[in-house]
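First comes the structure, then the notes that go with it.
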Amino acid sequence: MNMTTKSHNPPLTPAVFHILLALSSGERHGYGIMKQVEADSQGTVKMGAGTLYGSLKRMLDAGLVKESDKRVDPEMDDERRIYYQITGVGAKALTAELKRYKDLVKLAQKRKLYPKILAYEV
(Lines give C-alpha, C1' and ligand atoms only; values in the text may rest on other atoms or scores of the structure.)
Protein backbone atom coordinates (compact mmCIF):
# COMPACT_ATOMS: atom_id res chain seq x y z
CA MET A 1 0.00 0.00 0.00
CA ASN A 2 1.48 3.34 -0.94
CA MET A 3 1.19 6.44 1.20
CA THR A 4 -1.44 8.06 -1.04
CA THR A 5 -3.86 5.13 -0.85
CA LYS A 6 -6.70 5.99 1.50
CA SER A 7 -7.14 3.37 4.22
CA HIS A 8 -10.61 2.02 4.92
CA ASN A 9 -9.99 2.72 8.61
CA PRO A 10 -7.64 5.72 8.77
CA PRO A 11 -5.71 6.29 12.01
CA LEU A 12 -7.72 7.90 14.80
CA THR A 13 -6.76 11.07 16.58
CA PRO A 14 -5.73 10.49 20.21
CA ALA A 15 -8.95 12.15 21.45
CA VAL A 16 -11.18 9.97 19.26
CA PHE A 17 -9.23 6.87 20.26
CA HIS A 18 -9.64 7.60 23.97
CA ILE A 19 -13.35 8.41 23.61
CA LEU A 20 -14.03 5.17 21.71
CA LEU A 21 -12.01 3.23 24.28
CA ALA A 22 -14.04 4.82 27.10
CA LEU A 23 -17.32 3.97 25.35
CA SER A 24 -16.25 0.40 24.57
CA SER A 25 -17.23 -0.65 28.10
CA GLY A 26 -20.65 1.04 28.07
CA GLU A 27 -22.68 4.15 27.48
CA ARG A 28 -21.54 7.35 29.17
CA HIS A 29 -22.39 11.02 29.31
CA GLY A 30 -19.74 13.67 28.60
CA TYR A 31 -18.40 14.04 32.12
CA GLY A 32 -18.37 10.25 32.49
CA ILE A 33 -16.32 9.97 29.30
CA MET A 34 -13.80 12.52 30.59
CA LYS A 35 -13.44 10.64 33.89
CA GLN A 36 -13.11 7.27 32.11
CA VAL A 37 -10.42 8.64 29.78
CA GLU A 38 -8.50 9.89 32.80
CA ALA A 39 -8.88 6.51 34.55
CA ASP A 40 -7.97 4.50 31.43
CA SER A 41 -4.81 6.56 30.96
CA GLN A 42 -3.90 6.37 34.66
CA GLY A 43 -4.20 10.14 34.87
CA THR A 44 -1.88 10.94 31.96
CA VAL A 45 -4.68 12.15 29.65
CA LYS A 46 -7.09 14.82 30.87
CA MET A 47 -9.60 15.73 28.20
CA GLY A 48 -11.19 19.15 28.37
CA ALA A 49 -14.81 19.86 27.50
CA GLY A 50 -13.90 21.64 24.23
CA THR A 51 -11.87 18.69 22.97
CA LEU A 52 -14.49 16.19 24.12
CA TYR A 53 -17.56 17.85 22.64
CA GLY A 54 -15.80 18.93 19.43
CA SER A 55 -14.63 15.34 18.94
CA LEU A 56 -18.05 13.91 19.80
CA LYS A 57 -19.71 16.14 17.20
CA ARG A 58 -17.32 14.93 14.49
CA MET A 59 -17.72 11.35 15.70
CA LEU A 60 -21.52 11.62 15.54
CA ASP A 61 -21.24 12.98 11.98
CA ALA A 62 -18.89 10.12 11.03
CA GLY A 63 -21.16 7.48 12.58
CA LEU A 64 -18.57 6.34 15.15
CA VAL A 65 -20.90 7.07 18.08
CA LYS A 66 -24.58 7.81 18.54
CA GLU A 67 -26.72 9.38 21.20
CA SER A 68 -28.41 6.84 23.45
CA ASP A 69 -32.11 6.93 24.29
CA LYS A 70 -31.74 5.28 27.66
CA ARG A 71 -30.57 6.80 30.91
CA VAL A 72 -28.76 4.96 33.68
CA ASP A 73 -31.26 6.07 36.35
CA PRO A 74 -33.61 8.92 35.36
CA GLU A 75 -34.42 9.72 39.00
CA MET A 76 -30.75 10.13 39.93
CA ASP A 77 -29.67 11.80 36.74
CA ASP A 78 -29.95 15.20 35.14
CA GLU A 79 -32.49 14.94 32.27
CA ARG A 80 -30.28 17.22 30.13
CA ARG A 81 -27.38 14.78 30.10
CA ILE A 82 -26.82 13.14 26.77
CA TYR A 83 -25.43 9.62 26.85
CA TYR A 84 -23.29 8.35 24.00
CA GLN A 85 -22.62 4.83 22.79
CA ILE A 86 -20.17 3.36 20.35
CA THR A 87 -21.60 2.15 17.02
CA GLY A 88 -20.56 -0.85 14.93
CA VAL A 89 -18.53 1.51 12.75
CA GLY A 90 -16.89 2.95 15.86
CA ALA A 91 -16.07 -0.52 17.20
CA LYS A 92 -14.45 -1.47 13.87
CA ALA A 93 -12.43 1.75 13.88
CA LEU A 94 -11.27 1.08 17.45
CA THR A 95 -10.34 -2.51 16.58
CA ALA A 96 -8.34 -1.30 13.55
CA GLU A 97 -6.53 1.28 15.70
CA LEU A 98 -5.69 -1.30 18.38
CA LYS A 99 -4.31 -3.60 15.68
CA ARG A 100 -2.14 -0.72 14.40
CA TYR A 101 -0.81 -0.19 17.93
CA LYS A 102 -0.17 -3.92 18.37
CA ASP A 103 1.71 -4.03 15.05
CA LEU A 104 3.82 -1.03 16.11
CA VAL A 105 4.68 -2.69 19.42
CA LYS A 106 5.74 -5.84 17.53
CA LEU A 107 7.93 -3.71 15.26
CA ALA A 108 9.46 -1.96 18.26
CA GLN A 109 10.18 -5.36 19.84
CA LYS A 110 11.73 -6.61 16.62
CA ARG A 111 14.01 -3.56 16.57
CA LYS A 112 14.75 -4.06 20.27
CA LEU A 113 13.24 -0.67 21.13
CA TYR A 114 10.63 -2.11 23.47
CA PRO A 115 11.81 -3.26 26.92
CA LYS A 116 12.10 -7.03 27.02
CA ILE A 117 10.60 -7.12 30.50
CA LEU A 118 7.23 -6.01 29.03
CA ALA A 119 7.34 -8.31 25.99
CA TYR A 120 5.20 -10.98 27.67
CA GLU A 121 2.24 -8.55 27.97
CA VAL A 122 1.66 -8.27 24.22
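The values are calculated or read from the model by the stated rules, or taken from the named source; none is laboratory data. This structure is a prediction, so every number in the text was calculated from the model and none was measured. Note: ideal-geometry Cβ built from the backbone for every residue, glycine included; neighbour counts use all protein chains shown.
Miscellaneous remarks
- If the condition is being part of a loop (DSSP other than H, G, I, E, B) and surrounded by 14 or more Cβ atoms within 10 Å (Cβ to Cβ), then segment 49-72 contributes 64, 68, 71, 72.
- Hits in segment 9-59 (condition: touching a strand residue (DSSP E or B) at 6+ places or on another chain (Cβ under 7 Å) and on the phi > 0 side of the Ramachandran plot): none
For every residue, the table says whether it meets (1) at pLDDT below 95; (2) touching an Asp or Glu at 6+ places or on another chain (Cβ under 9 Å).
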site: 59; (1), (2): no, no
site: 72; (1), (2): yes, yes
site: 79; (1), (2): yes, no
site: 84; (1), (2): no, yes
site: 93; (1), (2): no, no
site: 102; (1), (2): yes, no
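- Residue match in segment 94-108 (condition: without any contact (Cβ under 8 Å) to a residue 40 or more places away in the chain and in contact with a Gly (Cβ under 9 Å, 6 or more places away or on another chain)): no
- Leading residue by the ranking (farthest from residue 16 (Cα to Cα)) among those in segment 27-48 that are surrounded by fewer than 19 Cβ atoms within 10 Å (Cβ to Cβ) and among the aliphatic types (A, V, I, L, M): 39
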